[in-house]
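See below for the structure under consideration.
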Ligand code: HXC
């Protein structure tokens, strides 16, 4: 077939026009801002030569009212399609800021909804790479409806296919709800930002001066708002991390996560685990040191590291299989549960549950964070989310109590009677209604007040409380946990438990949905 012949002239011309559209001048507009082009992003994400573009030639819709100018370029400012990432099918869209600021008009939105619907039908993850001035002003209500359709599709696909957003430029106004609705948000430091109302409006309405970065940069969303879970210094590293991240996830909710081979570097009997928790219960340690000695070597991928940091969450592998980790972090606020860490944990658990990823909990928690701020901001409501998420999850759930497991926090962290499948404790565990100091102060208030040597008496009572009550043996002997284990055997115990749970089946009562305390 002669593609340059007369009957195909328009075909060749169109191809050439499309190629010209992505000129070096266009690319340099992105590069000077420290950003890559939409095509460069697609090139980094997909396995070489596997990306198939869809709707390359669509052009913007006509608008009923003339206002401003519409750039009638092919593609309407977004590249959509599918390809392979590490050999697995993935759909994606990448907004092109060089065409009308990547703004979202009707046709642009229809391209996105088309791949969203394909991804859902084919049970494959979808990645959105966002770099856009938001709703296209010239197209008015049509672009708003376009956003609404995208939001609706994200919600319909939620829990069926993994949906991940990568913010690589501006994301402002109502447009922010597109990433906010997806499972995970990646951001690039210094070149991406998200806010509902920008610095100009903030100045006008509140007379406050703030930069885009200060209002909604990557650091702000990763550390303070919790909107972004992963941030990296540049786009290459962001996309590399995203590819690694995808390797832990199944393509959809009826698949199991992919399995890889384990290098066997972490022994099932690992004596190093005996020396990480300090003898002094008031001394901190990094729970990641424990995680890394239990899971397959170098497989722990932490999520939302900077937000709610008294709780560590992330994916890892055990004998090559994906697991989700939730762990109190004694290094931060003694591992206490506060509003941010409760919400972070709840959302992570729900993701794992939706995508068949077993949840392993490492517990060392003194309780919920006390104080007026936390109470007034709703620690009751937010803590309840964590409780709800754990209890509702039907994937295999295993807990290892490392040290403190006091009060409501003991119950919340996947306790046996909340539906935990296997609950183990290390000999260093302290399981009780409250910590020794608080318990002694309440139960022996009078005696301490009347004592000639209250300091000595308190010391004695605290020791007695630890020996008699705050230890794992009472819980073990009465069946509230399954076993007190040698820390060195932790990996082996979890592997055996996961094997036993491989056909776990839970009958969930019929209902439209539960009513999580949002
Ligand atoms: C149409 C837009 C646009 C938009 C940018 N452009 N945003 N065109 N609709 N929303 C165009 C510009 O006119 C310009 O065209 C080109 O994109 C590049 O924009 P610049 O302003 O030159 O770039 P920069 O200086 O980098 O600033 C980027 C920006 C700014 C901060 C994003 O463009 C901006 O503030 N845009 C508006 C953001 C916004 O408020 N959007 C609406 C949000 S509300 P030329 O031809 O000059 O190259 C929303 C509602 C969603 O999205 C509702 C969902 C429910």
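Read-outs throughout are calculated quantities, based only on the coordinates presented, and are distinct from any laboratory measurement. Fair warning: this is a prediction, and the values are worked out from it, not measured in the lab. Virtual Cβ from ideal backbone geometry, glycine too; neighbours counted across all protein chains shown.
Some observations on this one:
- Hits in the range 102-130 - residues which are part of a helix (DSSP H, G or I) and within 16 Å of the ligand (Cβ to nearest atom): 102, 106, 107, 108, 109, 110, 112, 113, 116
- Considering the range 140-157, and only residues there that are in contact (Cβ under 8 Å) with a residue 40 or more places away in the chain and in contact with a helix residue (DSSP H, G or I) (Cβ under 9 Å, 6 or more places away or on another chain), the residue that is nearest to the ligand (Cβ to nearest atom) turns out to be 147.
- Pairs with Cβ under 6 Å, 6+ apart, first in the range 235-253 and farther than 15 Å from residue 351 by Cα, second part of a helix (DSSP H, G or I): 239/44; 239/45
- When residue 180 is tested against (1) within 16 Å of the ligand (Cβ to nearest atom); (2) touching a strand residue (DSSP E or B) at 6+ places or on another chain (Cβ under 6 Å); (3) under 23 Å from residue 356 (Cα atoms), exactly one condition is not met: (2).
- Residue list for the range 32-49, restricted to those being in contact (Cβ under 8 Å) with a residue 60 or more places away in the chain and part of a loop (DSSP other than H, G, I, E, B): 33, 34, 35, 36, 37
- A count restricted to the range 50-76 and to residues that are touching a helix residue (DSSP H, G or I) at 6+ places or on another chain (Cβ under 7 Å), within 16 Å of the ligand (Cβ to nearest atom), at positive phi and touching a residue at least 40 places away in the same chain (Cβ under 8 Å) stands at 1.
- Meets criteria (within 12 Å of the ligand (Cβ to nearest atom) and in contact (Cβ under 8 Å) with a residue 24 or more places away in the chain) for residue 83: no
- The numbered conditions (1) part of a helix (DSSP H, G or I); (2) within 28 Å of residue 318 (Cβ to Cβ); (3) touching a residue at least 24 places away in the same chain (Cβ under 8 Å) are all true for residue 401 except (1).
- Verdict on residue 98 being out of contact with any strand residue (DSSP E or B) (no Cβ under 7 Å at 6 or more places or on another chain), within 16 Å of the ligand (Cβ to nearest atom) and within 22 Å of residue 193 (Cα to Cα): yes
- Flag not set for residue 266, criterion: buried (at least 16 other Cβ atoms within 10 Å of the Cβ), under 16 Å from the mean Cα position of the chain (by Cα) and under 24 Å from residue 427 (Cβ atoms).
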